[in-house]
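The values are calculated or read from the model by the stated rules, or taken from the named source; none is laboratory data. Since we're looking at a predicted model, the values are computed, not measured. All Cβ positions, glycine included, derive from the backbone under ideal geometry; neighbour counts span all protein chains shown. Heavy atoms of the whole protein, side chains included, go into the accessibility calculation; ligands, DNA and RNA do not. Shrake-Rupley method; radii C 1.70, N 1.55, O 1.52, S 1.80 Å.
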Amino acid sequence: MVTHESGGHHHPPSGFIRKYIFSLDHKVIGIQYYLLALFSVFLGMALSLLMRIHLVWPNLKLPFTPGGIMTPEQYLALVTMHGSIMVFMVLTTAPQSGFGNYMLPIQIGAEDMAFPVLNMLSFWTTFVSLVVLVSAFFVTGGAPISGWTAYPTLSALGQITGPGEGAGQNLWVIGLAIFCIASLLGALNFITTTVDLRARGMTLGRMPLTVWAWLVTAILGLLAFGVLLAACLLLMLDRVAGTSFFIPGGLVVTDTPITSHTGGSPLLWQHLFWFFGHPEVYIAILPGMGVASHVLSTFSRKPVFGYKAMVGALGAIGFLGFCVWGHHMFISGMSPYSAFAFSLLTMTIGVPSAIKTFNWLGTLWGGKIHFTTAMMFALGFVSLFVTGGLSGLFLAQPSIDLYLHDTYFVVAHFHLIMGVAAIFGIFSATYFWYPKMFGRMLNEPIGKVHFWLTFVGVYSIFMPMHFLGIAGNPRRYADLTGANYLAALHPVHYFITIAAMITITAQLLFLFNFFYSMKAGQKASENPWNATTLEWSIPSPPPFDNFAGHVPVVYRGPYEFSVPGASEDYIPQHVTPEKVGKAH
């Protein structure tokens, strides 16, 4: 068992390298993760913009394309790398490893994470995985064309299946395997820290919902990334060692019989990948749920409605997330009985999701709502989560999914519920905790302009995609001009592309606000939001050891707002009962 005396304790750094590069401080490591995700999200957006431009103007000469005209294979490489970078380096990294690393120890009253050296290794392993992944662009053949799901046999046979399926696919598999190792190290650290290093009085029932979300996410990561790591190892063995885990016999590729492989099953990869892949959706979204609950309570000046139900819903979503992977495989030829079971379980996961949604509304009801930028992004998160979830009800029906599965309807669904909803959670957390992290306030007017441009923008991008899917527009196609029945949909693609350009440009406002405010932003007080949790009881930014050697004592729950009889509309967790002011 790790204790406050044995865990998380280390001496202050003595030089630049130890303080800012190979730091053991959880706060520095959290910022490192955040900056890695910030670089990755702009890279991912740039790739998506190239894809959108090509779809609307397929003959336009573009940079980074040999000959100036993008080929279908280059388009598929962009699809693969956009998805991989966004899912792993942004949605998995920023909410959990970034904010979780920075805030979780402070919110539970710990000096640091339980294993600081392991924490440092986890970040640098993640950094290496990003470098390996991106290097696929620069090898012979370029990046892989197999999509972020890398389905065999396309991904398993090597260069014979297309450009990018040689060295580029190898680097993709190796990069993902390294990322899995980093995520497993981080998950162990999060779980141990939460279980063993809570301050006196910080019972499980007094933990902020952000901490619960990071804990459940860490458990999901511990169970899911091990499966993906094993799948990556098997895929690499198929590619380089002549095994046949995923490669069946009797294949003919470009008129060449494949005689060296027999007996494998491409569906085995799908089962392994989606057993990881659906929990991955919740690894991306659960921290956002925790942040939304936290921020909505703070800025409505009310306790979270149904705290225990919210905790139970987090656990239920995490558990059921491992039971529904088959709904990604409805068109794989599975038994109708299996499809019915996965469909029923998929619909069941809507119950805890609905509990959270109605409890968020209950938290807002009758509150004194403060429309800060953090609050607006939290409300945007709830909106996007509900909208994306509603389209999931259609895809949960096997008979409907047969038609919609390979269309833009699915692109719209998972971008809304997994992509931009999680991004809104990241933005809300950034605007909320920036004063604590950097000691300065972000510019609120710029933040609100950023919110409205982004909120309207993402709905303008992804809502029309539902209609494209219903009309039968296939996804992953590099050029839609050859299909006459899609000609009438070109104006919709044009609208989406213009909306994407505006929305991506709007993120430059955030980038400016983020870095400009570090030096020129208004200085933040210790508790600018009049919040209740432990991070607001220490200076902004926090000292090296968080609580200056004094382990705090917790006396109450995390959301004591508008308590009847109290002189203030908030009571911090660390304030003794004797010091709580009474209203006169």
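A few points about this structure:
- Criterion violated by residue 488 - all others in (1) under 28 Å from the mean Cα position of the chain (by Cα); (2) open to solvent by 50 Å² or more (accessible area, probe 1.4 Å); (3) hydrophobic (A, V, I, L, M, F, W, C) satisfied: (1)
- Residues of region 388-401 classified as in contact (Cβ under 8 Å) with a residue 60 or more places away in the chain and under 23 Å from the mean Cα position of the chain (by Cα), total: 3
- One residue alone among 64, 115, 88 is within 24 Å of residue 194 (Cβ to Cβ) and open to solvent by 30 Å² or more (accessible area, probe 1.4 Å), and that residue is 115.
- The single residue among 160, 174, 178 that is open to solvent by 30 Å² or more (accessible area, probe 1.4 Å) and closer than 20 Å to residue 91 by Cβ turns out to be 178.
- Qualifying residue in region 503-524 (condition: surrounded by fewer than 17 Cβ atoms within 10 Å (Cβ to Cβ), modelled with pLDDT of 95 or more and among the β-branched types (Val, Ile, Thr)): yes
- Some residue of region 148-163 being β-branched (Val, Ile, Thr) and outside any loop (DSSP other than H, G, I, E, B): yes
- Test result for residue 535, under 24 Å from residue 435 (Cβ atoms), of a type in the set (Asp, Glu), open to solvent by less than 30 Å² (accessible area, probe 1.4 Å) and under 32 Å from the mean Cα position of the chain (by Cα): yes
- Qualifying position, being at pLDDT below 95 and closer than 20 Å to residue 125 by Cα, among 85, 21, 29, 69: 21
- Condition met for residue 141 (open to solvent by 30 Å² or more (accessible area, probe 1.4 Å), modelled with pLDDT under 95, over 30 Å from residue 535 (Cα atoms) and not hydroxyl-bearing (Ser, Thr, Tyr)): yes
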